[in-house]
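Structure record follows, encoded as structure tokens.
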Amino acid sequence: MLDVRQLQAFVAVIEQGGFGPAALALDLTLAAVSLRIKSLEASLGQRLVVRGKTVRATAAGQALLAHVKQVRLMEADLLAGLPGGQARGAATWQSLGVAINADSVASWFLPGVAPLLQRDRLLMEIVIDDQDHTHDALKSGDVVGCVTTLARAIRGCVAEPLGALRYRCVAAPEVVARCHTAGGRLSPHRLLAEPAVIFNRKDALQDAFLVQHLGLRQPHYPRHHAPAVDAFERAIELGLGWGMVPEQHLVDRPGLAEILPGATVDVRLYWQHWARESEPARRLTAAVKAAAHAALTQEGQAVALNAAT
């Protein structure tokens with residue numbers, strides 16, 4: 001049986017980012033926290049924490065952290081289901097961590113889950129990352145679910161298809177004009193002479209567009225990096241370069257024009273979550289799937305629209 005006080009110290013060290021902050025949060029001495037971690041590691045025969053300038057969990061520590069977070073949610077469910085539990089839990093909030101790409105969080109995710117969060121008194125801790133990397137937070141146990149492009153389920157998890165987030169390559173009209181010949185044909189050479197506006201260094205959507213529609217692999221072109229959705233799209237509006245913008249966002253950006261009209265890039269998204277979910281996490285999964293079905297391009301739609309372009 002795992003020692004509750006040792007587990008509490010371990011989680012605090014990881015969540016607070018160090019032994020000192022964990023000691024303050026737990027109202028313990030630094031030596032007491034360190035001793036509890038060492039005792040836990042000794043009982044499990046595993047190193048759980050990498051000590052240094054930045055404290056992080058080892059692979060074994062990540063697995064233990066995920067387990068502890070699951071148990072906490074399960075315990076909250078149990079207490080709420082006991083006689084008088086609803087009254088005792090009426091004033092409590094439960095926290096659920098999710099990892100999601102920036103383009104999804106404001107456009108369809110938050111509007112879709114907001115009613116659930118308000119009704120069930122759930123707190124959302126959102127980790128923003130590129131959709132190709134959000135599953136790292138699920139692996140580490142930091143979140144209960146993630147919106148990801150990874151179709152293969154992580155061990156102990158379930159991967160459920162959500163649909164596709166459709167992107168179009170756009171720019172300010174003057175940039176679009178410079179990218180085309182006098183006859184109106186898109187010139188790949190001229191396009192690559194213009195800067196691209198990219199969300200961050202993990203963002204590969206513009207390269208997917210160049211491969212899919214122009215047959216250009218690993219091209220070189222100047223790049224702006226703007227790791228905030230509003231700043232990213234505003235930079236494109238200001239004529240700083242071209243970029244990939246979700247089709248849904250273009251409704252609010254009427255000043256942008258397509259570089260290659262009708263050419264789209266569909267990013268297939270999946271909701272990965274723990275196979276063993278607490279009741280609040282199960283309700284979150286249902287809300288995420290419903291929101292995605294209403295807002296994202298589904299399989300049949302994607303085939304029909306891609307054929308038309």
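See the values below:
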read-out	value
Qualifying position, being under 22 Å from the mean Cα position of the chain (by Cα) and either under 20 Å from Glu277 (Cα atoms) or basic (Lys, Arg) (or both), among Arg190, Arg155, Arg119	Arg155
Among the candidates Leu162, Leu186, Leu205, Leu150, residue that is closer than 23 Å to Asp266 by Cβ and in contact with a Cys (Cβ under 7 Å, 6 or more places away or on another chain)	Leu186
Boolean, Ser95 is within 29 Å of Arg155 (Cα to Cα), modelled with pLDDT under 90 and of a type in the set (Ser, Thr, Tyr)	yes
Flag for His213 being in the same structural domain as Thr134 (by TED's automatic domain parsing) and either outside any loop (DSSP other than H, G, I, E, B) or under 27 Å from the mean Cα position of the chain (by Cα) (or both)	yes
Looking only at the stretch 144-191, and only at residues there that are hydroxyl-bearing (Ser, Thr, Tyr) and in a strand (DSSP E or B), the one that is nearest to Val68 (Cα to Cα)	Thr148
Verdict on Ala59 being modelled with pLDDT under 85, within 26 Å of Asp136 (Cα to Cα), surrounded by fewer than 20 Cβ atoms within 10 Å (Cβ to Cβ) and not assigned by TED's automatic domain parsing to the domain that holds Ala137	yes
Flag for Ala231 being among the hydrophobic types (A, V, I, L, M, F, W, C), more than 30 Å from Ala66 (Cα to Cα) and out of contact with any Gly (no Cβ under 9 Å at 6 or more places or on another chain)	yes
Members of the stretch 151-186 found to be under 19 Å from Phe209 (Cα atoms), of a type in the set (Gly, Ala, Ser) and exposed (fewer than 13 other Cβ atoms within 10 Å of the Cβ), listed by number	Ala177
Per-region count, the stretch 112-157, residues touching a Ser or Thr at 6+ places or on another chain (Cβ under 8 Å) and among the acidic types (Asp, Glu)	2
Single residue of the stretch 104-140 satisfying the filter (of a type in the set (Val, Ile, Thr) and not in a strand (DSSP E or B)) that is surrounded by the fewest Cβ atoms within 10 Å (Cβ to Cβ)	Val105
Members of the stretch 258-286 that are surrounded by fewer than 18 Cβ atoms within 10 Å (Cβ to Cβ) and among the small types (Gly, Ala, Ser)	Gly262, Ala263, Ala275, Ala286
Strands (runs of 3 or more DSSP E) wholly inside the stretch 216-285 containing at least 1 residues that are under 23 Å from Asp130 (Cβ atoms) and hydroxyl-bearing (Ser, Thr, Tyr)	264-274
Subset of the stretch 192-210 (residues that are part of a loop (DSSP other than H, G, I, E, B), in contact with a helix residue (DSSP H, G or I) (Cβ under 8 Å, 6 or more places away or on another chain) and under 14 Å from Ile259 (Cα atoms))	Glu194
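Yes/no per residue for (1) in a helix (DSSP H, G or I); (2) in contact with a helix residue (DSSP H, G or I) (Cβ under 7 Å, 6 or more places away or on another chain); (3) modelled with pLDDT under 90:
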| residue | (1), (2), (3) |
| --- | --- |
| Met1 | no, no, yes |
| Glu15 | yes, no, yes |
| Leu24 | yes, no, yes |
| Leu28 | no, no, yes |
| Leu35 | yes, no, no |
| Lys38 | yes, no, no |
| Lys53 | no, no, yes |
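The values are calculated or read from the model by the stated rules, or taken from the named source; none is laboratory data. Everything numeric here is computed off the predicted structure, so don't read it as measured data. Neighbour counts are summed over all protein chains in view; Cβ atoms, including those assigned to glycine, are modelled from backbone coordinates with ideal geometry.
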